[in-house]
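> One structure, as structure tokens, below. Some questions next.
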Amino acid sequence: MDLDESKFGTLDVALTEYAEELRGSGDQTATVTLGYTHSLHKSWRTVLRMLPVAPGASVLDAGSGFGIVAFELAANLPVQVDGIDVEASFVGHARELSQRLSDRGLFSQGSAVRFSEGDVRALGCPDEAYDLVLMREVLQFVPGPVQAVQEIYRALKPGGYFCVSDTDDQLRLTWPSGTAVLDGLVAAVASVQRQRGGDRQTGRKLTTYLRAAGFELAGVVVLPEAQHRVVDADDPERSLIIEQIRAARSRVVGSGAMGPERFDADLKALEEAAPHEEFRMNAKIVALGRRPSSPTGRP
């Protein structure tokens, strides 16, 4: 898929402006989530260039968040993109952004973008509805990931593609290493995620899930990222981590993974931590599966 780089600026400016509006409204969670996902989108442009997307294709963005990938697709090709997300607030923000970007003339003639609430395990669409399905950093939160991948298989046309990516905690390295406070809070949140059926090592299992659902493996790549960062109050990733940990308080305390006094004290220490520099290396695994054209492809 070819990307029109002249349109990058329109999308990036609109997202930056919207993030500033969210910040002004006091919606910290939405602000940091949009800022973080926008910062990751540069690497996703690399993935989009590798995808087999034809004009007129029907696309599902499963776990669409603020809709950034859907916008990029519709800006470059006349495609029909449906975005679904379990978070109603994200769906609302995506719809608002879609209207603004349409008003700015970003989308290709003949393209259409729609957003709605939805569960990747029960899409509610007809069989064989899409040519391409995208899913990014969703399966790690889904109990029964094979069920979700089987649902994607059902929704794809024979010969259609499923592009899925996720992280794996053991592909992350920082220097200096994290503090005991941060490590303890992250471990407590991860413990709750496991209790709820999630998996922080999903990345290495993606190809197995695809094969179990009947997909042919069309490719798998590792997208590395390395940077030297200043971790301070203006760092969007730090802000997102703090917001995610704060939002998980009731689940962490309720599960017994950490007592309320320690949780509150550790979160306060994390919020008040002095700025510091770090080297970080991380990687995401991207797998591409193809639904066989023959109905005999599924186990």
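> Take region 191-230 and flag every residue that is in contact with a strand residue (DSSP E or B) (Cβ under 6 Å, 6 or more places away or on another chain), at pLDDT 95 or above and part of a loop (DSSP other than H, G, I, E, B).
F215
> Hey, another quick one. With the condition being buried (at least 17 other Cβ atoms within 10 Å of the Cβ), at pLDDT 95 or above and over 18 Å from the mean Cα position of the chain (by Cα), I'd like the strands (runs of 3 or more DSSP E) fully within region 66-146 carrying at least 2 qualifying residues.
130-136
> Residue by residue through region 47-58, note down the ones that are under 15 Å from L223 (Cα atoms) and out of contact with any strand residue (DSSP E or B) (no Cβ under 7 Å at 6 or more places or on another chain).
Within region 47-58, L48, R49, M50 meet the criteria.
> Ok, one more. Among the residues of region 153-166, is any small (G, A, S) and surrounded by fewer than 18 Cβ atoms within 10 Å (Cβ to Cβ)? It would help to see each step written out before you state the result.
Of the residues in region 153-166, the ones small (G, A, S) are 155, 159-160, 165.
Still in the list and also surrounded by fewer than 18 Cβ atoms within 10 Å (Cβ to Cβ): 159.
Yes, that holds for at least one residue.
> So, in region 250-261, of the ones that are in a helix (DSSP H, G or I) and touching a residue at least 40 places away in the same chain (Cβ under 8 Å), which residue ends up farthest from D27 (Cα to Cα)?
Filtering first and then ranking leaves S255.
> Right, something else. Which one of V221, V253 is of a type in the set (V, I, T) and either under 17 Å from the mean Cα position of the chain (by Cα) or surrounded by fewer than 15 Cβ atoms within 10 Å (Cβ to Cβ) (or both)?
Result: V221 is the single residue among V221, V253 that is of a type in the set (V, I, T) and either under 17 Å from the mean Cα position of the chain (by Cα) or surrounded by fewer than 15 Cβ atoms within 10 Å (Cβ to Cβ) (or both).
> Search region 205-217 for residues that are on the phi > 0 side of the Ramachandran plot and pair each with any residue that is among the hydroxyl-bearing types (S, T, Y) and part of a helix (DSSP H, G or I) when their beta-carbon atoms are under 9 Å apart and the residues are at least 6 apart or on different chains.
G214/Y153
> Are there any pairs, at least 6 apart or on different chains, whose C-beta atoms fall under 6 Å, with the first in region 230-249 and farther than 13 Å from L185 by Cβ and the second assigned to a helix (DSSP H, G or I) and among the small types (G, A, S), and if so, which?
Here the result reads P236/G35, each pair linking region 230-249 to a residue that is assigned to a helix (DSSP H, G or I) and among the small types (G, A, S).
> Report the residue count in region 96-123 for those that are under 21 Å from W44 (Cα atoms), free of Cβ contacts under 8 Å to residues at least 40 places away in the same chain and not aromatic (F, W, Y).
5
> Checking the condition among the hydrophobic types (A, V, I, L, M, F, W, C), part of a loop (DSSP other than H, G, I, E, B) and in contact (Cβ under 8 Å) with a residue 24 or more places away in the chain, which residue from A273, A269 passes?
Working: A269 fails: part of a loop (DSSP other than H, G, I, E, B).
The conditions single out A273.
> Got a number for residues in region 11-43 being assigned to a helix (DSSP H, G or I) and either at positive phi or of a type in the set (A, V, I, L, M) (or both)?
The number of residues fulfilling the criteria is 10.
> Name the single residue that is nearest to P236 (Cα to Cα) among those in region 272-299 being modelled with pLDDT under 90 and charged (D, E, K, R).
By that ranking, first place goes to R280.
> Pick from D169, D199: which is surrounded by fewer than 18 Cβ atoms within 10 Å (Cβ to Cβ), out of contact with any Asp or Glu (no Cβ under 6 Å at 6 or more places or on another chain) and of a type in the set (D, E, K, R)?
Only one candidate qualifies: D169.
> For region 190-206, what are the residues that are within 18 Å of the chain's Cα centre (by Cα) and of a type in the set (V, I, T)?
T202
The values are calculated or read from the model by the stated rules, or taken from the named source; none is laboratory data. The model shown is predicted, which means the values in this text are computed figures rather than measured ones. Virtual Cβ from ideal backbone geometry, glycine too; neighbours counted across all protein chains shown.
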